[in-house]
1. Alpha carbon centre of region 1-54 versus region 106-138: separation in Å?
2. Suppose R0 equals 35 Å. What FRET efficiency, 1/(1 + (r/R0)^6) with r the Cβ-Cβ distance, do T143 and R59 give to the nearest 0.05?
3. Give me the log10 of I(q) over I(0) for region 12-152 at q = 0.11, 0.18 Å⁻¹, as the Debye formula computes it from C-alpha points; what are the numbers?
4. Given a Förster distance of 30 angstrom, what is the FRET efficiency for L110 paired with E43, based on the Cβ-Cβ distance and rounded to 0.05?
5. What are the residues whose amide H is under 5 Å from the amide H of A68, where those residues sit 5 or more places off or on another chain and H is modelled from the backbone?
6. Accessible area of the chain with a 1.4 Å probe: how many percent of it is carbon plus sulfur?
Amino acid sequence: MRISARADYAVRAALQLAATRDEEPVKAEAIADAQDIPHKFLEGILNDMRRGGLVLSRRGGNGGYRLARPAEAISIADVIRAVDGPLVSVRGVRPPDLAYTGPAQSLLPLWIALRSNVREILEGVSLADVASAHLPPDVCALTDTPGAWANP
């Protein structure tokens, strides 16, 4: 699975907003500077997140962005979907819409299993979990498996 720069930036921007304790909006420039994200690229990402119902924006001198819901109610999957669409696709197609024949026929359940596991992890971790550095135990356990940090 590949996490796009757009998805990575979106999650980092959302985490920056989650870490903001006051209710005042945060300017895009401040988010971009704090997370080392190109400002113009971030503006497009924030607009997608606004359209996806994850952030609210306010214009003007005191304007900026803030989360639309509590950080506990926004999963990492929500953020990725808002900017990149489905979590898992094959050639841009969602697995249930695929069909294979012959020896490739068992690829479909493999892609479905992959999607199920990705969903389980990304939907089970909220912005609050990551911002507070308290990942769910099942996610932490996966990082402790042999070879988890190695690149084969």
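1. 21 Å
2. 0.25
3. So the normalised log intensities are -0.53, -1.08.
4. Details: r = 38 Å, r/R0 = 1.27.
After rounding to 0.05, the efficiency reads 0.20.
5. V55, L56
6. Values: 4980 of 9330 Å².
Reported share for carbon and sulfur atoms: 53 percent.
The values are calculated or read from the model by the stated rules, or taken from the named source; none is laboratory data. Note that this is a predicted model, so its numbers are computed, not measured. Reconstructed Cβ throughout: ideal geometry from the backbone, glycine too, with neighbour counts over all protein chains shown. Remember, those area values only see protein heavy atoms, side chains included, never the ligands or the DNA or RNA. Shrake-Rupley method; radii C 1.70, N 1.55, O 1.52, S 1.80 Å.
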